1. Which helices (runs of 4 or more DSSP H) does the stretch 9-104 wholly contain that include 1 or more residues that are of a type in the set (D, E) and more than 23 Å from Y270 (Cβ to Cβ)?
2. Being within 11 Å of the ligand (Cβ to nearest atom), at pLDDT 95 or above and touching a Leu at 6+ places or on another chain (Cβ under 8 Å) narrows it down to one residue among I94, I68; which is it?
3. Which residue is farthest from the chain's Cα centre (by Cα), if the candidates are limited to the stretch 158-175 and must be more than 15 Å from the ligand (Cβ to nearest atom) and either at pLDDT below 95 or closer than 27 Å to I228 by Cα (or both)?
4. Checking the condition in contact with a Cys (Cβ under 6 Å, 6 or more places away or on another chain), within 22 Å of P195 (Cα to Cα) and not acidic (D, E), which residue from T235, T229 passes?
5. Step by step: first the residues of the stretch 217-241, then only those that are within 15 Å of the ligand (Cβ to nearest atom) and not in a loop (DSSP other than H, G, I, E, B), then the one that is nearest to G187 (Cα to Cα). Which residue is that?
6. Only one residue in L193, L155, L171 is of a type in the set (A, V, I, L, M, F, W, C) and surrounded by fewer than 18 Cβ atoms within 10 Å (Cβ to Cβ), so which one is that?
7. Scanning for something in contact with a strand residue (DSSP E or B) (Cβ under 6 Å, 6 or more places away or on another chain), closer than 22 Å to K54 by Cβ, surrounded by 12 or more Cβ atoms within 10 Å (Cβ to Cβ) and touching a residue at least 24 places away in the same chain (Cβ under 8 Å), does the stretch 222-237 turn up at least one residue?
Amino acid sequence: MNKYLSCLRLNFVLLTKLLTCRFLNNKDYAQDYNKIASEYDKNWLYYIQKHTEKFLQKLPPTNSSLPILDLGCGTGFSTGYLSQHYNGNQIIGIDISSEMLKKAKEKFPQIQFVCDDMLNYLKKQPNNSAALICSSWAIGYSNPQKIAIEAHRVLEKGGIFAFIVNTLDTLPKIFDAFRKTMYNHPGHIKKLLWPRFPKDFSFIKEKHFEQLYCEKNNINIPIKDKNITDWVFKTGIMAGFEQVTDMTLFCQELQHCSAPLVHRHIIGIYRKK
Ligand SMILES: C[S@@+](CC[C@H](N)C(=O)[O-])C[C@H]1O[C@@H](n2cnc3c(N)ncnc32)[C@H](O)[C@@H]1O
């Protein structure tokens, strides 16, 4: 009976938020990434850098002199790599967090960085105007399907669309704890979060792109349970969550959650048909 009531209460709260359009938005994500920008490289890149690098090393060369875009470039790890390896092209990094971009500009003053929503930015670009569109760990914050459609329009024929992105089943430890917090404390829900991570490669349309490379993989994060809350708040993986529910309650649930801390993700490299 208690379970039934909790479920009813949760659904009532979710419906209220839905009807009043209380959704997590770009401003919320930008605000949270602004907060962690100064420590992002130390906490996130430390574990992920080598995996991002392995993805970037798979990108094919280009004969085109058109620009290369890095969507959700953050502090510029991929953008820096692209500028080193594609020195005949203009490289442009796009991100919604001004503080992440500030860090990127400090590291790579020669690169152009633009503060904008990635989908919005793509929509403003002319047809066939880019050689390569790349994104590391970021299209899941936008709408991957819409990003793929716009990328297809903006890329020249033969241009490359490439991404590494978390899948919908990523970080089960974090998302299980998050779901339990919502379920056990529906009164604390402030906004709705609509998960955008792709479940697989099906958001890419075969009529638009030829697949050059694809990989589904897991990265185990070797963080000890006692250090986990500190780590999750400093990496950006909790970006936006604070606007959704109470973080003290979330941390309590996290301590009891036995699911693994594993980044489930996909890598895709496609050529525009
Ligand atoms: C996990 S970080 C990845 C940063 C960088 N690509 C890297 O690999 O280190 C995600 C980045 O996406 C940015 N972001 C989130 N939503 C975005 C949006 N709608 N448009 C542009 N950038 C966005 C965040 O500000 C953050 O810098």
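The values are calculated or read from the model by the stated rules, or taken from the named source; none is laboratory data. Bear in mind the structure is a predicted one, so any value in this text is a computation, not a measurement. Every residue, glycine among them, receives a Cβ derived from its backbone with ideal geometry; neighbour counts consider all protein chains shown.
1. Numbers: elements: 26-40, 46-56, 77-85.
Because the criterion is at least 1 residues that are of a type in the set (D, E) and more than 23 Å from Y270 (Cβ to Cβ), the helices (runs of 4 or more DSSP H) in the stretch 9-104 that meet it are 26-40.
2. Values: I68 fails: within 11 Å of the ligand (Cβ to nearest atom).
After ruling out the rest, the residue left standing is I94.
3. K173
4. Details: T235 fails: in contact with a Cys (Cβ under 6 Å, 6 or more places away or on another chain).
The unique qualifying residue is T229.
5. Here is the first cut: in the stretch 217-241, the ones within 15 Å of the ligand (Cβ to nearest atom) are 219, 221, 231-241.
In the following step, the residues that additionally are not in a loop (DSSP other than H, G, I, E, B) were identified as 219, 231-235, 241.
Values: I219: 34, W231: 27, V232: 24, F233: 23, K234: 26, T235: 27, F241: 15 Å.
The qualifying residue nearest to G187 (Cα to Cα) is F241.
6. Values: L155 fails: surrounded by fewer than 18 Cβ atoms within 10 Å (Cβ to Cβ); L171 fails: surrounded by fewer than 18 Cβ atoms within 10 Å (Cβ to Cβ).
Result: L193 is the single residue among L193, L155, L171 that is of a type in the set (A, V, I, L, M, F, W, C) and surrounded by fewer than 18 Cβ atoms within 10 Å (Cβ to Cβ).
7. Pass one, the stretch 222-237, residues in contact with a strand residue (DSSP E or B) (Cβ under 6 Å, 6 or more places away or on another chain): none.
No, the stretch 222-237 contains no residue that is in contact with a strand residue (DSSP E or B) (Cβ under 6 Å, 6 or more places away or on another chain), closer than 22 Å to K54 by Cβ, surrounded by 12 or more Cβ atoms within 10 Å (Cβ to Cβ) and touching a residue at least 24 places away in the same chain (Cβ under 8 Å).
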